[in-house]
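S.K.: The following block contains the structure, expressed as structure tokens.
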Amino acid sequence: MLFAIFKEHDAYLLDIGDHGSWTSRRLLEILVQEFPNSGAFHVFNGVSGLSENHDDNSLETLRKKRVNSASWIYGKAIIPNAGITLAGTTIAATRDSDMLLEAVENFEQTWAQNPAQIKDMVWSAQKFFPEDPEFIFECHETAGVGIYETKSKTFFSLAP
């Protein structure tokens, strides 16, 4: 298995190992030593040590319990930025899903409070607005995620 961290414009290839080695301290050591300016981990400045320095087994136990913990690596208290939330999802995935849910809620609120705004947008694009619109959430291959009105065939992108 290839262990890597992907950022917007970079990929940091850390190691090759078996599936069970995803909680290995070695991955953190490689990250800190080889990619100190990657932005892929956070250093806790002013920390002079940790009460417990986790080995591979304790990191695996913490991970299974969905607990994030700093590790002492090369004289630094660090935690990877690609952290996992207590729900077991990445922080980035949680943030993105929260933003998407907020966008859907904003659309619903606009429709409930000011339907003329949405009707005008559909009318200007399609010259048609159905009497009983049907909105669905949809993922388009090129347009991204959004709300689709099925009768006028109008797509409202929710992507930032």
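Taken together, the values in this text are just the output of simple stated rules run on the coordinates, not laboratory data. Treat the numbers as computed from the prediction; the structure is a model and nothing was measured. In this analysis, Cβ positions are derived from the backbone assuming ideal geometry, glycine residues included, and neighbour counts consider all displayed protein chains.
S.K.: Grab the DSSP H runs of the chain that are 4 residues or longer, score each as -39,500 (n - 2.57), total them, divide by all residues and round the 222 nm result to the nearest 500 deg cm²/dmol. Walk me through the intermediate numbers first.
M.R.: On the way: 4 runs with 54 residues, N = 160.
Calculated mean residue ellipticity at 222 nm is -11000 deg cm²/dmol.
S.K.: Among the lysines in region 2-160, how many pairs, 8 or more places apart or on different chains, have alpha carbons under 27 Å apart?
M.R.: The result is 10.
S.K.: Also, I was wondering about something else. Below 8 Å between Cα atoms, with a sequence gap of 6+, how large is the relative contact order for region 91-157 in percent?
M.R.: Working: 57 pairs, mean separation 13.9, N = 67.
Reported as a whole number, the value is 21 percent.
S.K.: If you don't mind, there's one more thing I want to ask. Normalised by the number of residues in the chain, what is the relative contact order in percent for Cα pairs under 8 Å and 6+ residues apart?
M.R.: Details: 188 pairs, mean separation 20.4, N = 160.
It rounds to 13 percent for the chain.
S.K.: Divide, for the chain, the radius of gyration over alpha carbons by 2.2 N^0.38 Å, where N is the residue count.
M.R.: Working: Rg = 22.9 Å, N = 160, 2.2 N^0.38 = 15.1 Å.
That ratio works out to 1.51.
S.K.: Another question, if that's okay. Among ASN81, ASN106, ASN114, which one shows the highest mean-square fluctuation when the chain is modelled as a Gaussian network with alpha-carbon springs under 10 Å?
M.R.: Of ASN81, ASN106, ASN114, the most mobile in the Gaussian network model is ASN114.
S.K.: What does the charge dipole of region 1-130 about its Cα centre add up to, to the nearest 20 debye, if the Cβ of each Lys and Arg holds +1 and the Cβ of each Asp and Glu holds -1? Write out the running numbers ahead of the final one.
M.R.: On the way: 11 positive and 16 negative charges, 30 e Å.
For region 1-130, the charge dipole is close to 140 debye.
S.K.: Put +1 on the Cβ of each Lys and Arg and -1 on the Cβ of each Asp and Glu in region 91-157; which of SER124, ALA143, ALA92 then has its Cα farthest toward the positive end of the dipole?
M.R.: So the residue furthest toward the plus end is SER124.
S.K.: I've got another one for you. Using modelled amide H (1.01 Å from N, peptide plane; none on Pro or chain starts), what sits under 5 Å from the amide H of ASP15, excluding residues fewer than 5 places away?
M.R.: Hits under the 5 Å cutoff: PHE3.
S.K.: Can you tell which of HIS42, HIS19, HIS54 shows the greatest fluctuation in a Gaussian network model of the chain with Cα springs below 10 Å?
M.R.: In this elastic network of the chain, the residue with the biggest mean-square fluctuation among HIS42, HIS19, HIS54 is HIS19.
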